[in-house]
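Have a look at the structure below before the remarks.
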Amino acid sequence: MEDVLIPIFVACVMPIAIVLIVALRKSNTVNKRSEILIKAIEANKEVDTDKLIEAMKEPTKSPQEILNARLLRGCMFSLIGLALVIVGIVNLANGTEFSADPVTVPMMFGGISLAIGISYLIVYFVTRNQTETTEDK
């Protein structure tokens with residue numbers, strides 16, 4: 001019975017719960033902001049609502065901050081992937097069969113992580129060139 005319940009909870013209940021928690025949190029923050037705006041307008045009619053709304057907005061990241069985050073993620077995923085692939089190769093060189101877990105698991109996760117890291121780096125370099133051309137104009 002436990003063999004069936006654990007995969008059901010992991011595959012079905014947990015993702016639904018995570019999505020629900022995130023949606024409720026976002027809804028709560030929007031409700032709190034609107035409540036603050038309503039109270040500020042009711043308390044003082046001379047309040048500049050445009051400035052208040054602008055101050056209450058969520059901060060947006062600049063293009064440079066987005067690029068730095070992509071570069072950081074790309075380097076992290078690439079290095080983790082490279083380290084896992086090296087672990088798999090070392091285990092293979094020590095005489096472990098290729099089909100054994102100490103070789104295949106690090107190689108598989110390392111390959112996935114390396115691919116994600118390289119894709120982040122590609123996106124970083126492409127968007128870096130695009131943002132430089134738009135800033136020059």
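The values are calculated or read from the model by the stated rules, or taken from the named source; none is laboratory data. Computed from a prediction, not measured in an experiment: that's the story for all the values here. Cβ atoms come from the backbone with ideal geometry, glycine included; neighbour counts cover every protein chain shown. These accessible areas exclude ligands, DNA and RNA; they are computed on the full protein's heavy atoms, side chains included. Shrake-Rupley method; radii C 1.70, N 1.55, O 1.52, S 1.80 Å.
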Please work out how much accessible surface Val4 shows to a 1.4 Å probe, ignoring ligands, DNA and RNA, in Å² rounded to 10.
90
Relative contact order as a percentage, the chain, C-alpha pairs under 8 Å and 6+ apart, gives 22
Nearest-20 debye value, the stretch 18-137 charge dipole, Cβ charges on Lys, Arg, Asp, Glu
240
For Glu42, Glu58, give me the order by solvent-accessible area with a 1.4 Å probe, most accessible first, ignoring ligands, DNA and RNA.
Glu42, Glu58
Give me the distance in nm between label points sitting 7 Å out from Cα along the Cα-to-Cβ direction at Phe109 and Cys12, one decimal.
2.8
Quick one: with all protein chains in place, what share of the accessible area of the stretch 1-46 is carbon or sulfur, to the nearest percent (1.4 Å probe)?
70
Lysine pairs with alpha-carbon atoms under 18 Å apart, the chain, spacing 8 or more or separate chains:
5
Compute the distance in nm between two label points, each set 7 Å from the Cα along the Cα-to-Cβ direction, one at Val22 and one at Glu46.
4.5
Between Glu2 and Ser119, Cβ-based FRET efficiency (R0 22 Å, step 0.05) works out to 0.05
Between [x] 15.3; [y] 11.4; [z] 8.8, the structure-derived mean projected area of the Cα convex hull in nm² is [x]
Highest GNM mean-square fluctuation among Glu46, Glu97, Glu54, for the chain with Cα springs under 10 Å, belongs to Glu46
Quick one: net charge of Asn68's neighbours, Cβ under 13 Å, K/R +1, D/E -1?
+3
